[in-house]
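The values are calculated or read from the model by the stated rules, or taken from the named source; none is laboratory data. Everything numeric here is computed off the predicted structure, so don't read it as measured data. Here the Cβ positions follow ideal geometry from the backbone for every residue, glycine too, while neighbour counts run over all protein chains shown.
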Amino acid sequence: MPNTKRSKKVNLFGFKIKNSWKNLLIYGSLFLFLGFLFIGINQPMEKINSIPLSQVINEVKDGKVERIKVAENKITVFRKDKTEVEAVKEPEQSVYQLFSDAGVPLSGVKVEVDDSASLNSWLNIIASLLPVILMVAFFYFIFRQARGAQESIFSFGQSKAKLFSKDTPRISFNDVAGVDEAKQELTEVVDFLKHPAKYRAVGARTPKGVLMIGPSGTGKTLLARATAGEANVPFFSMAGSEFMEMLVGVGASRVRDLFNTAKKNQPAIIFIDEIDAIGRQRGYGIMGGHDEREQTLNQILVEMDGFSPNEQLVVMAATNRPDVLDPALIRPGRFDRRVALELPDVEGRKAILKIHAKGKPFDSGVDWTKAAKRTVGFSGADLENMLNEAAILAARDNKKKIAMKDLEEAATKVKLGPEKKRLQTNEDKKMTAYHEAGHALVAWEMPHIDPVHRISIVSRGMSLGHTMTEPIDRVHETKSHLLEEISMMLGGQAAEQLVFKDITTGASNDIEKATQVARAMVMKFGMSDLGPITLDLEKQSPYETSELSPEMQARVDAEVKKIIDNAYKNATKVLTKLRKKLDVLAGELLVKETLESEEFEKLMGPKKNLPGAHPPALLPVEA
């Protein structure tokens with residue numbers, strides 16, 4: 001039944017004041033204080049002549065007084081000549097007794113007694129007590145604030161974990177897609193939490209920890225919540241950085257509080273997101289072995305060792321940096337299982353799109369398979385963001401449903417950024433058109449490059465144009481494909497040199513990416529004349545060095561330059577061979593600005609050399 005009790009509001013001088021005892025007390029005290037100020041300010045300021053009391057008696061005796069007003073110890077005399085004077089009597093002395101003792105009757109004088117004396121005495125009492133009351137209230141407020149601060153200091157050591165109880169809307173494995181192998185691994189954890197006796201009967205112990213590893217956005221946190229939802233157990237979630245505070249020992253105290261709370265609610269799951277924030281390898285910090293992060297990690301290790309075989313408590317953690325974790329944390333007996341999450345393949349992306357598409361109206365012409373194929377490299381978070389951007393584009397154009405065109409634009413926006421209208425001369429546009437046409441024709445001609453998806457000379461982000469291919473999901477990267485990728489990257493500058501006999505700064509990003517790929521081929525993949533040797537060694541500690549000798553560095557640089565030079569020659573040879581097509585494609589780009597794959601194939605013809613249809617060999621390069 002809804003709560004019908006409402007807080008009333010009093011409209012006072014145009015201000016709406018919430019009617020509660022606390023507010024009424026505060027505002028009442030304020031008005032009372034202002035009232036006293038008002039009374040004090042409005043006291044009569046005029047000065048009346050003061051005379052002795054004996055003179056008053058004589059004037060009454062002589063018949064010069066018309067009226068007398070008595071207020072406490074003050075006597076105001078109103079004379080018949082319309083003047084006023086004052087006199088002072090004793091506080092306890094009666095005015096009638098005073099004139100009677102003097103032998104002067106008051107029969108011809110009107111006497112008025114002011115009854116506000118008692119009120120004034122009360123006001124004086126309140127005025128004298130008010131400062132004391134305000135002082136007591138002030139110190140009460142100060143002590144109350146100090147007590148609250150003291151309580152907050154002691155609460156530093158309490159866990160800040162967010163609890164998703166059984167009553168929280170559940171997330172199941174049906175809400176997670178693209179990670180089927182990871183779900184299969186976690187199904188056993190769910191089954192253990194549901195039926196622990198089945199595993200104890202055969203002597204199986206509790207899997208203490210599950211470490212989920214994968215790139216950002218692949219659904220590690222979502223999968224952890226889905227595991228708790230499938231098992232229908234409480235889920236305590238906390239980020240690694242939330243354990244850390246300025247006070248020493250707070251992190252370890254929060255770890256103890258978190259595990260104690262979870263044990264009281266078992267069966268339960270504890271989830272620590274971004275565990276690399278506190279789980280980094282010990283011994284290399286600035287503070288040696290005594291900094292706060294290491295103390296927190298030590299407490300986690302102790303708590304995970306303290307699980308008894310009968311406890312139904314599983315610790316799940318997520319990170320995208322497993323290489324920096326402490327060996328003691330990931331050894332068997334602590335994090336027993338490692339679940340690897342990867343970027344989804346085409347079927348996984350299709351399933352993810354369908355999950356996030358729920359609740360959004362889509363046009364009947366939307367091809368989810370096509371959308372999944374054109375989003376290679378997208379994580380689950382990227383796909384969700386893409387659908388949200390598509391919905392925003394459709395709403396901006398006042399559409400009732402989301403069309404395939406909106407999905408295409410949203411995917412490009414997520415990858416490259418929004419369109420930008422930059423002022424360019426006709427010469428700049430022509431150079432950009434030939435640059436992008438050079439990329440596209442090299443990709444169209446070479447056998448291991450994926451089909452061209454879109455060519456555009458519309459500026460996005462920091463680029464003046466872009467050429468996108470429709471990537472094919474690959475498990476292995478071959479040397480032939482990497483070499484042709486480098487040739488495609490350099491195809492833009494090769495086209496500029498071929499047509500304009502000059503080059504521009506627009507190829508700087510292409511050259512940077514090409515150099516990175518070539519250096520990785522030489523130093524990491526062993527794809528050069530130096531042989532199968534890894535030269536890109538990671539440091540295992542700050543005291544190790546991975547620097548190459550000057551002689552080996554010179555050989556590496558020579559191999560990288562050799563790969564880049566051969567790729568550039570290959571790109572130049574392809575564009576020289578397809579010179580007429582280069583002019584046609586650049587002219588079409590100047591007219592339409594953007595060409596989709598269908599328009600490109602209609603103009604150039606279908607790709608003859610599909611990936612995988614030819615042996616892995618580059619076009620020959622003349623010496």
Can you name every residue in region 339-371 that is in contact with a Leu (Cβ under 8 Å, 6 or more places away or on another chain), in a helix (DSSP H, G or I) and more than 20 Å from L223 (Cβ to Cβ)? W368, A371
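Each row is one residue, and each column tells you yes or no for (1) under 20 Å from M489 (Cα atoms); (2) of a type outside the set (S, T, N, Q).
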position: R396; (1), (2): no, yes
position: I402; (1), (2): no, yes
position: T425; (1), (2): no, no
position: K429; (1), (2): yes, yes
position: E436; (1), (2): yes, yes
position: A440; (1), (2): yes, yes
Could you tell me whether E544 is surrounded by fewer than 18 Cβ atoms within 10 Å (Cβ to Cβ), modelled with pLDDT under 90 and either outside the structural domain of H466 (by TED's automatic domain parsing) or in a helix (DSSP H, G or I) (or both)? no
Hey, any hits in region 391-407 for a residue that's charged (D, E, K, R), touching a Ser or Thr at 6+ places or on another chain (Cβ under 9 Å) and over 30 Å from E496 (Cβ atoms)? yes
Of the residues that make up region 498-508, is at least one at pLDDT 85 or above, under 19 Å from V584 (Cα atoms), surrounded by fewer than 19 Cβ atoms within 10 Å (Cβ to Cβ) and touching a Phe, Trp or Tyr at 6+ places or on another chain (Cβ under 9 Å)? yes
Quick one: in region 97-131, which of the residues that are assigned to a helix (DSSP H, G or I) and of a type in the set (G, A, S) is modelled with the lowest pLDDT? A117
Which number in (1) closer than 22 Å to I402 by Cα; (2) surrounded by 17 or more Cβ atoms within 10 Å (Cβ to Cβ); (3) among the basic types (K, R) marks the one condition that R337 misses? (1)
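For region 427-474, which residues satisfy the criterion of being among the acidic types (D, E) and either surrounded by 24 or more Cβ atoms within 10 Å (Cβ to Cβ) or without any contact (Cβ under 8 Å) to a residue 60 or more places away in the chain (or both)?
Of region 427-474, the ones among the acidic types (D, E) are 427-428, 436, 445, 450, 470, 473.
Once the filter is applied, which keeps residues that are among the acidic types (D, E) and either surrounded by 24 or more Cβ atoms within 10 Å (Cβ to Cβ) or without any contact (Cβ under 8 Å) to a residue 60 or more places away in the chain (or both), region 427-474 yields E427, D428, E436, E445.
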So, I486, is that one assigned to a strand (DSSP E or B) and in contact with a Phe, Trp or Tyr (Cβ under 9 Å, 6 or more places away or on another chain) or not? no
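Could you identify the single residue in E484, E477 that is in the same structural domain as E436 (by TED's automatic domain parsing), of a type in the set (D, E), surrounded by 12 or more Cβ atoms within 10 Å (Cβ to Cβ) and modelled with pLDDT of 90 or more? Break it down stepwise before answering.
On the way: E477 fails: modelled with pLDDT of 90 or more.
So the residue among E484, E477 that is in the same structural domain as E436 (by TED's automatic domain parsing), of a type in the set (D, E), surrounded by 12 or more Cβ atoms within 10 Å (Cβ to Cβ) and modelled with pLDDT of 90 or more is E484.
When you go through V366, V414, V442 one by one, which is the residue that is under 28 Å from E485 (Cβ atoms) and more than 25 Å from the chain's Cα centre (by Cα)? Don't jump to the end; show me each part of the working.
Values: V366 fails: under 28 Å from E485 (Cβ atoms); V414 fails: more than 25 Å from the chain's Cα centre (by Cα).
Of the residues listed, the single one that is under 28 Å from E485 (Cβ atoms) and more than 25 Å from the chain's Cα centre (by Cα) is V442.
Condition check: at pLDDT below 85 and over 26 Å from E389 (Cβ atoms). Does T425 satisfy that? If you could, list the steps in order and put the result at the bottom.
Values: at pLDDT below 85: yes; over 26 Å from E389 (Cβ atoms): yes.
For T425, the condition - at pLDDT below 85 and over 26 Å from E389 (Cβ atoms) - is met.
Do any helices (runs of 4 or more DSSP H) lying entirely in region 379-465 carry at least 3 residues that are over 26 Å from T218 (Cα atoms) and not hydrophobic (A, V, I, L, M, F, W, C), and which ones are they?
Passing ranges, in order: 426-445.
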Only unsatisfied item for K358, checking (1) closer than 30 Å to S253 by Cβ; (2) at pLDDT 85 or above; (3) surrounded by fewer than 18 Cβ atoms within 10 Å (Cβ to Cβ), is (1)
Which of the residues that make up region 554-576 are in contact (Cβ under 8 Å) with a residue 40 or more places away in the chain and over 16 Å from I486 (Cα atoms)? T576
Where residues in region 388-410 are surrounded by fewer than 22 Cβ atoms within 10 Å (Cβ to Cβ) and among the hydrophobic types (A, V, I, L, M, F, W, C), which of them is nearest to V475 (Cα to Cα)? M404
Subset of region 132-186 (residues that are farther than 23 Å from G217 by Cβ and at pLDDT 70 or above): V132, I133, L134, M135, V136, A137, F138, F139, Y140
Subset of region 52-94, residues touching a Phe, Trp or Tyr at 6+ places or on another chain (Cβ under 8 Å) and over 16 Å from V104 (Cβ atoms), comes to K69, E84
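In this structure, does N609 turn out to be polar (S, T, N, Q) and modelled with pLDDT of 90 or more? Quick ask: steps written out before the conclusion?
Details: polar (S, T, N, Q): yes; modelled with pLDDT of 90 or more: no.
No.
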